[in-house]
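Everything below concerns the one structure shown next.
The values are calculated or read from the model by the stated rules, or taken from the named source; none is laboratory data. Everything quoted here is computed from the prediction, not taken from an experiment. As a convention, Cβ positions derive from the backbone with ideal geometry for all residues, glycine included, and neighbour counts pool all protein chains shown. The area values use the complete protein model at the heavy-atom level, side chains included, leaving out ligands, DNA and RNA. Shrake-Rupley method; radii C 1.70, N 1.55, O 1.52, S 1.80 Å.
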Amino acid sequence: MQRFRASVLSMAFLLISPGCFGANGSELIQLDSDRNDLLKQITNELSYGRMTLADAERTKGELDKVVALETKYKDGTIKRLQPIRLALQKTQADIKAAIHPDKVWMGIDSHNKALKEKIDAAFDAKKLTRDEADNLGQQEQVLRDRETVNDTSNGLEYDDAISIATAIQELDKKIDQLAND
């Protein structure tokens, strides 16, 4: 019986001592929070136009690998948090390197009228027909409405930002193609 009590006391001591699962659990929660903060940073920088769509997708992919490491840790496949920490540090450095001091594309902003002005300029230069300009203008308005909805909510989520950024860039290319044909 005394051995059993000693074993129970030893296990209890291990569970509450620093460096054991309890401490690692709170550290894992912090690492998870750090990962979420990095995802917000990617989303914001993409929205501001200081990160390209390709860089946003690449760095998000790195964060997805961190999620896989967190899952392995929770499953007991990996025993230490160091691989998660290192993956987050690498991703953070890659995000920092992917951020440009100036805009590299127009970004996601419901007040930005660059696409509308581009459509109007192409129409005024007779590079677009009235139907083409109207169609492109309607598509631009749909995008601006999507941006506005996200501006007034709690901000953009990553998936929304990627979707809107892709649509903006596709519309921009479409305007160029129609105006240059």
Return one number: the angle in degrees, 0 to 90 and rounded to the nearest 10, between the long axis of the Cα atoms of helix 130-152 and the longest principal axis of the Cα atoms of the chain.
30
Compute the helix-to-body angle for 53-75: its Cα long axis versus the longest principal axis of the chain, expressed 0 to 90° and rounded to tens.
20
In percent, what relative contact order does the chain have, based on Cα pairs under 8 Å that are 6 or more apart in sequence?
25
Could you name the lysines in cross-link range of LYS173, using Cα to Cα under 26 Å and dropping any fewer than eight places away on the same chain?
LYS60, LYS103, LYS113, LYS116, LYS118, LYS126, LYS127
Taking the Cα atoms of segment 104-169, what is the range of coordinates along each of the three principal axes, in descending order and whole Å?
40, 23, 17
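Set the Förster distance to 35 Å, then compute FRET efficiency between ASP181 and THR148 from the Cβ-Cβ distance, nearest 0.05. Display every interim value, and only then the final one.
On the way: r = 31 Å, r/R0 = 0.89.
E between ASP181 and THR148, to the nearest 0.05, is 0.65.
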Helix 158-180 against the longest principal axis of the chain: what's the angle in degrees, Cα atoms only, rounded to the nearest 10?
20
Taking 0.36 nm per residue of sequence separation and subtracting the Cα-Cα distance, how much length would be gained by fully extending the chain between ASP159 and THR129, in nm to one decimal?
7.4 nm
Once you've got the GNM for the chain with C-alpha springs shorter than 10 Å, pick whichever of GLY137, GLY155, GLY76 has the biggest mean-square fluctuation.
GLY76
The long-range amide H neighbours of VAL104, using H built 1.01 Å from N in the peptide plane and a cut-off of under 5 Å, are ARG50, MET51
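Using a probe radius of 1.4 Å on heavy atoms only, what accessible surface per residue do you get for the chain? Whole Å² is fine.
Working: 11460 Å² over 181 residues.
Ligands and nucleic acids excluded, the figure is 63 Å² per residue.
When the gyration tensor of the chain is built from Cα positions, what are the square roots of 5 times its three eigenvalues, in whole Å, from largest to smallest?
Details: eigenvalues 533, 41, 27 Å².
Square roots of five times the eigenvalues give 52, 14, 12 Å.
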Which of LEU39, LEU31, LEU53 moves the most in a Gaussian network model of the chain with Cα springs under 10 Å?
LEU31
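Could you tell me what percent of the accessible area of the chain is made up of carbon and sulfur, with a 1.4 Å probe and every protein chain present? Kindly include the intermediate steps, with their values, before the conclusion.
Working: 6220 of 11460 Å².
Roughly 54 percent, rounded to a whole number.
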